[in-house]
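J.: Following this message is one structure expressed as structure tokens.
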Amino acid sequence: MTTATELQTLLRSLDGRSYKAYKEIRGHYQFPQFGLHVDSVQGDPFAAPSRLRVVVPQSVAEFPAEYYATPSRAVALRDYLTREFAAAARSHSEQRGSGKSGLIAIAPTGQQILERSALWIDSQQVEARFVVGLPARGRSILGRQAAELLCEDLPDIVRRSLLYSALDAAAVQQQVQVVEDADWLRNQLAGRSLVAFIPNGAILPRQSGVDDAPLSDGALPFQSPPSLQVTFDRPHQGLISGLGIPVGVTLIVGGGYHGKSTLLRAIALGIYNHRPGDGREQVVTHPAAVKIRAEDGRAIASVNISPFINNLPQGRSTTHFSTPNASGSTSQAASIIEALEVGAQVLLVDEDTSATNFMIRDRRMQALIAKDREPITPFVDKVRQLYTDYGVSTVLVMGGSGDYFDVADTVIAMGDYAPQDVTAQARAIARQLATHRTAEGGSQFGDITPRIPHIPRQPSRRDPAEVRSPKLKVRDVDELVFGDETIDLSAVEQLVEVNQVRAIGAAIAYLQQQYGDRPWALSALLAQLQADLDAAGLDALTPYPQGDLAQFRPAELAAAINRLRTLVIRSLPDPKS
Ligand code: ADP
Ligand code: MG
């Protein structure tokens, strides 16, 4: 067995040698309190940093077993330790030479608490996966600095972040309980016929469009109107009351700048748990709620958008609609059908990011443009059918058209950031001021047609008969480089972390390699992937353990696959035949 002292000697002996000599440190080292694994070593100081792991036995780490006894608690604890490791690493991370020399870091986190591959815990051990920029000046090794980084700084980081005795026990307990309560609340929604719950006192606004921390100055805490208030008795923190958004069709109305979109955004992110102190840590939403928006320019591969769109110019098919360049309305129609195809149970739609002609078509426009010259059946004629035919609820921000009063079960008005229940008034107005619209699009929603995707494998450059695993690159949550393609994810609004995007890239490559030749419907393919993930965790996705992946939903994976411009759909029978 190689000891920490031997690693120190080795690193010092490498001083001044060419960077490639760092490859010699790959392997396993036994430190007094933990094991260090050097899994991969970067080729130069500017390349992607080296990947390392520490493994601390529970005999040293001593975490109470109750804190990781259930999946919910374990995710909460793992997230907490990841943040502690990150903070301790930041205090030691400094420029020690060229390029990334001296960097030490774990996967980045935001306000959400997610399952990540960066940190694992069980009854035996705690494992943290992180990256290190091995120090060099130019291309020559700085051995002394490397020894300091790995043999002095790293043990300090481990002592400060991965041993229970070093942590704030009350904060650890709070994180575990807040998360377990949030998961519990989310599980209660269906039984109460709710799609979302926003507790009184929640802080929904954020610091800025680029800062997801809670607004610190002048945020008005959320307060439910009495008529829509519900109360739960949580396992840890006891009673909590707030707004329960019922199943069915819910409208959020109100003047501009009164907090409508902020509320919908909080609902959209209620599929995730949030850190204590976030302000949204007990805001919970149905786990299959999907935010939908218009996205002109996106590609669409053989989607049956006929529930919304028919009679396109030039006789184009709308049962197998494909385009490299969708319009606002066709993109929104396709995104809804694609979400339903993989199991969306709640749609979240904001007028700010919708195509107007997809949302409404008033009486005057119906009079001017005959139905046979307008391919679009607006959402207002479909949103109820979606609930009656498929049980799919919708929460819709709509300050600009009262035509939706006819189809809404619940109408919430935001005024000065405070919600009011205006359902009765909206109903009365709908009776007094009839729209005189003609309902369009028939009496049923229409078919949601499953598709069999084919993600073309990429032939190796050297030998076209060989398959190469696609290049994956992720810079931020908006973009995934997959092979020769760049997938634009900016309209997939419920992705919150780069680690999720990387995991989605790995998942597409995994599906391609494992099941690429199976003629399975997309939803079946996603179900198989979920089974594999349940069995082996995020590590199932990659050939060797990575520390930079995070959990994602089938909805977001499907959204990425659907935005692949090379996606091919195997031919299917026409839904009408
Ligand atoms: P709308 O969609 O109704 O036009 P927004 O949700 O975009 O309004 O909110 C407008 C502004 O008000 C945003 O800057 C937002 O951060 C802020 N805001 C929203 N809710 C609150 C609140 N509860 N307290 C303070 N500011 C808020
Ligand atoms: Mg808005």
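J.: Within region 1-43, list the trypsin sites (Lys or Arg not before Pro) lying in a DSSP loop whose Cβ has at most 13 other Cβ atoms in a 10 Å radius.
T.: Listed in order of number, the matching sites are R26.
J.: About its Cα centre, how strong a charge dipole does region 2-167 have in debye, to the nearest 20, once Lys and Arg get +1 and Asp and Glu get -1 at the Cβ?
T.: Dipole size: approximately 600 debye.
J.: In whole percent, what relative contact order does the chain give with Cα contacts below 8 Å and a gap of six or more residues?
T.: Taking the mean separation of contacting Cα pairs over the length of the chain, I get 13 percent.
J.: Can you return the lysines within cross-link range of K382? Criterion is Cα-Cα under 16 Å, with same-chain partners fewer than 8 residues away left out.
T.: Straight-distance partners of K382: K371.
J.: In what order, largest first, do M398, M1 sit by accessible area if the probe radius is 1.4 Å?
T.: Numbers: M398 10, M1 175 Å².
My answer, sorted largest first, is M1, M398.
J.: DSSP beta bridges in the chain, what fraction antiparallel, as a percent rounded to 5?
T.: Given both bridge residues lie in the chain, the antiparallel proportion sits at roughly 75 percent.
J.: Now, a different point. Calculate how large, on average over all directions, the projected area of the Cα convex hull of the chain is; give the answer in nm² to one decimal.
T.: Here the figure is 29.2 nm², rounded to one decimal.
J.: Hey, another quick one. Counting heavy atoms of the protein chains only and a 1.4 Å probe, report the per residue accessible area for the chain as a whole number of Å².
T.: Accessible surface, normalised per residue, equals 42 Å².
J.: Of R51, R96, which has the most accessible area with a 1.4 Å probe, and how do the rest follow in descending order?
T.: On the way: R51 65, R96 15 Å².
Final ranking, largest accessible area leading: R51, R96.
J.: Something else: Going Cα to Cα from K260, which lysines come in below 16 Å? Please leave out same-chain ones fewer than 8 positions away.
T.: Within reach: K291.
J.: For K100, list the lysines whose Cα falls under 29 Å from its own Cα; do not include residues on the same chain fewer than 8 positions away.
T.: K20, K23, K471, K473
J.: Next question. Of all chymotrypsin sites (Phe, Trp or Tyr not before Pro) in region 165-272, which ones are in loop regions per DSSP and have a Cβ with at most 14 other Cβ atoms within 10 Å? Spell out each step's value before the answer.
T.: Values: sites: W184, F197, F222, F232, Y257, Y272; in loops: F222, Y257, Y272.
In loop regions of region 165-272 (DSSP not H, G, I, E or B), the sparsely surrounded chymotrypsin sites (Phe, Trp or Tyr not before Pro) are Y257.
J.: Leaving out ligands, DNA and RNA but keeping every protein chain, what accessible area does L239 have, in Å² rounded to the nearest 10, with a 1.4 Å probe?
T.: Using a 1.4 Å probe on the heavy atoms, I get roughly 130 Å².
J.: Which one, N325, V407, L396, is farthest towards the positive end of the dipole of region 292-415 when Lys and Arg carry +1 and Asp and Glu -1 on their Cβ?
T.: Selected residue: N325.
J.: For the Cα atoms of the chain, what angle does the longest principal axis make with the long axis of helix 498-515, in degrees from 0 to 90, nearest 10?
T.: Helix 498-515 and the main axis of the chain meet at about 90 degrees.
J.: Rounded, prolate or oblate for region 452-571? Axes are the square roots of the Cα gyration tensor eigenvalues, ordered a ≥ b ≥ c, and the cut-off for rounded is a/c under 1.5.
T.: On the way: a/c = 1.25, a/b = 1.18, b/c = 1.05.
Because its axes are fairly even, with a/c under 1.5, region 452-571 counts as rounded.
J.: Shape verdict for region 408-459, please, from the Cα gyration tensor: rounded (a/c under 1.5), prolate (a/b greater than b/c) or oblate.
T.: Because a/c hits 1.5 or more and a/b fails to exceed b/c, region 408-459 counts as oblate.
J.: Quick one: pull the percent of accessible area on the chain belonging to carbon and sulfur, 1.4 Å probe, ligands and nucleic acids left out.
T.: Carbon-and-sulfur percentage of accessible area, whole number: 50.
J.: Can you compute the helix-only [θ] at 222 nm over the chain? Use -39500 (n - 2.57) per DSSP H run of at least 4 residues, normalise by all residues, nearest 500 deg cm²/dmol.
T.: Values: 15 runs with 164 residues, N = 577.
Mean residue ellipticity, 222 nm, calculated: -8500 deg cm²/dmol.
J.: What angle do you read, to the nearest 10 degrees and between 0 and 90, between the alpha-carbon axis of helix 328-341 and the longest principal axis of the chain?
T.: The angle comes out at about 70 degrees.
J.: Rounded, prolate or oblate: which fits region 168-268, taking a ≥ b ≥ c as square roots of the Cα gyration tensor eigenvalues, rounded meaning a/c under 1.5, else prolate when a/b beats b/c?
T.: Oblate, since a/c reaches 1.5 and b/c is not below a/b.
The values are calculated or read from the model by the stated rules, or taken from the named source; none is laboratory data. Please read all numbers here as calculations on a predicted model, not as lab measurements. Cβ: placed from backbone, ideal geometry, glycine included. Neighbour counts: every protein chain shown. Keep in mind that these areas ignore ligands, DNA and RNA; they rest on the heavy atoms of the full protein, side chains included. Shrake-Rupley method; radii C 1.70, N 1.55, O 1.52, S 1.80 Å.
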